[in-house]
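Since the structure comes first, as structure tokens, the remarks are kept for the end.
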Amino acid sequence: MSALTEIIEEAATVVLTLTEGLEREEFLRSRITRPVVTKQLLKIADALAETRDRAGVDMPELDWDAWLAMGPRLAQDDEALWFVIHALTPATL
């Protein structure tokens with residue numbers, strides 16, 4: 001398993017574990033879970049942004065464009081954050 005794959009898999013697993021069963025409003029109000037999840041999602045987005053040219057061919061199943069578009073919005077946009085948690089992250093694993 002490559003270092004990139006390990007970073008993505010580990011961060012995605014943390015995100016899905018911490019958000020399992022949480023309703024949107026409960027998650028958005030969380031002072032502990034939300035920052036941790038956001039940090040993990042940024043870790044994924046940053047890793048993908050840094051390696052897109054090299055890994056894009058090896059990982060065509062990822063929605064690269066969506067991850068690259070959402071990365072900068074995660075800390076400021078609740079809709080983007082919720083979308084990435086429930087759509088992109090599960091599809092990434």
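Contact order normalised by length for the chain, with contacts defined as Cα pairs under 8 Å and 6 or more residues apart; what percent is it?
So the answer I get is 35 percent.
Could you give each residue of the range 16-26 its phi-based ³J(HN,Hα) in whole Hz, using Karplus coefficients 6.51, -1.76, 1.60 with θ = phi - 60°, and x for Gly or Pro?
Running phi through 6.51 cos²θ - 1.76 cosθ + 1.60 with θ = phi - 60° gives 5, 5, 6, 9, 4, x, 7, 7, 3, 5, 4 Hz.
Tell me what the chain gives for mean residue ellipticity at 222 nm when only DSSP H runs of n ≥ 4 count, each as -39,500 (n - 2.57), the sum divided by the residue total, rounded to 500 deg cm²/dmol.
After summing the helix terms and dividing by the residues of the chain, the value is -20000 deg cm²/dmol.
Tell me, what ³J(HN,Hα) does each residue in the range 28-41 have, in order and in whole Hz, if you take phi through Karplus 6.51 cos²θ - 1.76 cosθ + 1.60 with θ = phi - 60° and put x for Gly and Pro?
Those phi angles translate into 5, 7, 5, 8, 10, 5, 4, x, 5, 5, 4, 4, 5, 5 Hz.
Which of Leu28, Leu48, Leu81 ends up with the largest GNM mean-square fluctuation for the chain, with Cα atoms connected below 10 Å?
Leu28
Picking from Thr33, Thr13, Thr51, which is most flexible by a Gaussian network model of the chain using Cα springs under 10 Å?
Looking only at Thr33, Thr13, Thr51, the largest GNM fluctuation is found for Thr51.
Only Cα pairs within less than 10 Å get springs; with that Gaussian network setup on the chain, which residue of Pro60, Pro72, Pro35 has the largest fluctuation?
Judging by the Gaussian network model, the answer is Pro60.
To the nearest whole percent, what portion of all C-alpha pairs in the chain is separated by more than 18 angstrom?
Result: 38 percent of Cα pairs exceed 18 Å.
Note down the nm distance, to one decimal, between modelled labels 7 Å out along Cα→Cβ at Ala91 and at Arg29.
The two pseudo-label positions are separated by 3.0 nm.
Under a crude label model (7 Å from the Cα following the beta-carbon direction), how far is Glu50 from Thr5 in nanometres?
Result for the modelled spin labels: 1.9 nm.
Just so you know, all these numbers are worked out from the coordinates, no wet-lab data involved. None of these values were measured; they are calculated from a predicted model. Cβ: placed from backbone, ideal geometry, glycine included. Neighbour counts: every protein chain shown.
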